[in-house]
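The values are calculated or read from the model by the stated rules, or taken from the named source; none is laboratory data. Remember, predicted model here, so these are calculated numbers, not experimental data. Counting neighbours? That spans all protein chains shown, and the Cβs are built from the backbone with ideal geometry, glycine included. With ligands, DNA and RNA removed, areas are computed over all heavy atoms of the protein, side chains included. Shrake-Rupley method; radii C 1.70, N 1.55, O 1.52, S 1.80 Å.
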Amino acid sequence: MAAAKKAVLGPLVGAVDQGTSSTRFLVFNSKTAELLSHHQVEIKQEFPREGWVEQDPKEILQSVYECIEKTCEKLGQLNIDISNIKAIGVSNQRETTVVWDKLTGEPLYNAVVWLDLRTQSTVENLSKRIPGNNNFVKSKTGLPLSTYFSAVKLRWLLDNVKKVQEAVEENRALFGTIDSWLIWSLTGGIHGGVHCTDVTNASRTMLFNIHSLEWDKELCEFFGIPMEILPNVRSSSEIYGLMKAGALEGVPISGCLGDQSAALVGQMCFQDGQAKNTYGTGCFLLCNTGHKCVFSEHGLLTTVAYKLGRDKPVYYALEGSVAIAGAVIRWLRDNLGIIKSSEEIEKLAKEVGTSYGCYFVPAFSGLYAPYWEPSARGIICGLTQFTNKCHIAFAALEAVCFQTREILDAMNRDCGIPLSHLQVDGGMTSNKILMQLQADILYIPVVKPSMPETTALGAAMAAGAAEGVGVWSLEPEDLSAVTMERFEPQINAEESEIRYSTWKKAVMKSIGWVTTQSPESGDPSIFCSLPLGFFIVSSMVMLIGARYISGIP
């Protein structure tokens, strides 16, 4: 019976999905896109100072090995032969920056995570050097100068970490985003590891020219980055190297996409004008703009969507980035303790069905698109004596939806053709209250695939379709039809607009909290306004009284 099962399955493809909150390894049937098995490990985030966010690159790598081994064990229990796995794709949190020693394989500092804010004064200093009438950084990269992207994180490491400075001087240093660190390590590390990245991840570094598809000498000089530490840039779908250890030793790694591009591929948004929104730690809305770069007039990014093969054309996207989406749920769990698990928020929100006039702006890392406002900090406003933790939970979910609405409005203005529906994916989409709220606030249908793991699916598709692997067809007629769940708006348009305009009022109140920023100095007053905002909220919460926060009537 087991042999018959294997024969039916045909070739399989694995995908590493390395996100900000967790690592997963998933295995798909390349003929049907069915998810056969997976394993997940949560990743620790470290906050050494206010506004700093770090992760241990070795823990990330170890979590990948663990997820691969555990998934292979699960496949064995299902009588599925792991020798059927013909390729592996990698999808990763973008912009997160690692520098390591190519002789020892050791990271020279923790990974500086995309959310990290320590580089604000670096950004301010660099901004002064950009001519007002010629923003060559934005015209070459499609990106605003921001703490978000890798070049300023790398600049900070070069300026502040002696180990990094010495390794660069002695020609021992390699830089990469998480994809590069993983591929180098998995393909042998110090024993011949392949130092590469793909066009989607390269386009998020601020060192990559999205028109020529190469590292840009002028940008590297502007940021003071030595080009010899950069990885080789490859397409998103080709064989980079072979796994050198573990249960899948010898299997080619042949797909690489930044997580949001992977989700765009996994949602099969291959046509100009198709868009998807991924709800993870942050929230990312991407719209495929085809072979042309569309530059936004409304605070969106222009980025590389994918290049599915060495000789295949490049596709571009407009992107709206929200820093805090799922992270606000984690904050309610870990920092405030009003929920014990992330899933509990749906139950709390359902109890009240309204925020009762409470609005939550989770600008923990400033505001990203469409504002690009680093001075913003998180606020909860509209509190009354009646407010309890259920209302705050509901307001947190609404915040994710309002932020998406702001991005969708900007995208509609840039593209000129409003989206008729929104395709969604990511961990948070299992929350039905969130999905219904999103439809109500956008006032268009929200469409969710029955298999929400589209980020991993996109990485698997790229890997399976690579030249020399050829087990996954990307021809439109061969792509598996996906069953969808649809959420229709259930409130009237006027109510939707009133709630949205009140939200925008709350956003304005969140801006301008931080007036002095010098993160490099180590001054304890750094980001002093965030604790102030927090204490204001804390004081109000204390006034509400413990019985209300506990939900006791």
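Data overview
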{"item": "Hey, THR278 within 30 Å of ALA393 (Cβ to Cβ) and not aliphatic (A, V, I, L, M) or not", "result": "yes"}
{"item": "Matching strands (runs of 3 or more DSSP E) fully within region 6-70 where at least 1 residues are at pLDDT 90 or above and surrounded by 23 or more Cβ atoms within 10 Å (Cβ to Cβ)", "result": "12-18, 22-29"}
{"item": "Test: residue in region 105-117 that is more than 30 Å from GLU475 (Cβ to Cβ), modelled with pLDDT under 90, out of contact with any Asp or Glu (no Cβ under 7 Å at 6 or more places or on another chain) and open to solvent by less than 40 Å² (accessible area, probe 1.4 Å)", "result": "yes"}
{"item": "Residue within region 85-103 that is over 26 Å from GLU169 (Cβ atoms), open to solvent by 20 Å² or more (accessible area, probe 1.4 Å) and not aromatic (Phe, Trp, Tyr) present", "result": "yes"}
{"item": "Cross-chain or 6+ apart pairs with Cβ under 7 Å, region 408-432 first and under 30 Å from ARG24 (Cα atoms) and of a type in the set (Gly, Ala, Ser), then buried (at least 16 other Cβ atoms within 10 Å of the Cβ) and at pLDDT 85 or above", "result": "GLY426/THR278; GLY426/TYR279; GLY427/TYR279"}
{"item": "Qualifying positions in region 343-378 - open to solvent by 40 Å² or more (accessible area, probe 1.4 Å) and aromatic (Phe, Trp, Tyr)", "result": "TYR356, PHE364, TYR371, TRP372"}
{"item": "Residue in region 137-154 that is in contact with a helix residue (DSSP H, G or I) (Cβ under 8 Å, 6 or more places away or on another chain), farther than 19 Å from TRP215 by Cβ and of a type in the set (Ser, Thr, Tyr) present", "result": "yes"}
{"item": "Criterion (touching a Leu at 6+ places or on another chain (Cβ under 9 Å) and more than 27 Å from GLU297 (Cβ to Cβ)) met by exactly one of CYS401, CYS358, CYS415, CYS381", "result": "CYS358"}
{"item": "Residue within region 325-346 that is closer than 16 Å to TYR148 by Cβ and within 16 Å of the chain's Cα centre (by Cα) present", "result": "yes"}
{"item": "Selection status of ARG49, out of contact with any Ser or Thr (no Cβ under 7 Å at 6 or more places or on another chain) and either of a type outside the set (A, V, I, L, M) or closer than 24 Å to ILE329 by Cβ (or both)", "result": "yes"}
{"item": "So ASP259, is it charged (D, E, K, R), open to solvent by 20 Å² or more (accessible area, probe 1.4 Å) and within 21 Å of the chain's Cα centre (by Cα)", "result": "yes"}
{"item": "Test for ASP478: is it crowded, with 18+ Cβ neighbours inside 10 Å and either over 22 Å from the mean Cα position of the chain (by Cα) or under 22 Å from LYS350 (Cα atoms) (or both)", "result": "no"}
{"item": "From ALA466, ALA493, ALA439, residue being open to solvent by less than 30 Å² (accessible area, probe 1.4 Å), more than 20 Å from the chain's Cα centre (by Cα), free of Cβ contacts under 8 Å to residues at least 60 places away in the same chain and over 23 Å from THR20 (Cβ atoms)", "result": "ALA439"}
{"item": "Enumeration of residues in region 103-128 that are in contact with a Leu (Cβ under 7 Å, 6 or more places away or on another chain), in a helix (DSSP H, G or I) and in contact (Cβ under 8 Å) with a residue 40 or more places away in the chain", "result": "VAL123, LEU126"}
{"item": "Flag for LYS153 being open to solvent by less than 10 Å² (accessible area, probe 1.4 Å), basic (Lys, Arg) and either within 23 Å of PRO48 (Cβ to Cβ) or free of Cβ contacts under 8 Å to residues at least 12 places away in the same chain (or both)", "result": "yes"}
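For every residue, the table says whether it meets (1) of a type in the set (A, V, I, L, M); (2) touching a Pro at 6+ places or on another chain (Cβ under 7 Å).
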residue	(1), (2)
SER37	no, no
LYS44	no, no
LYS58	no, yes
GLY76	no, no
ASN79	no, no
VAL90	yes, no
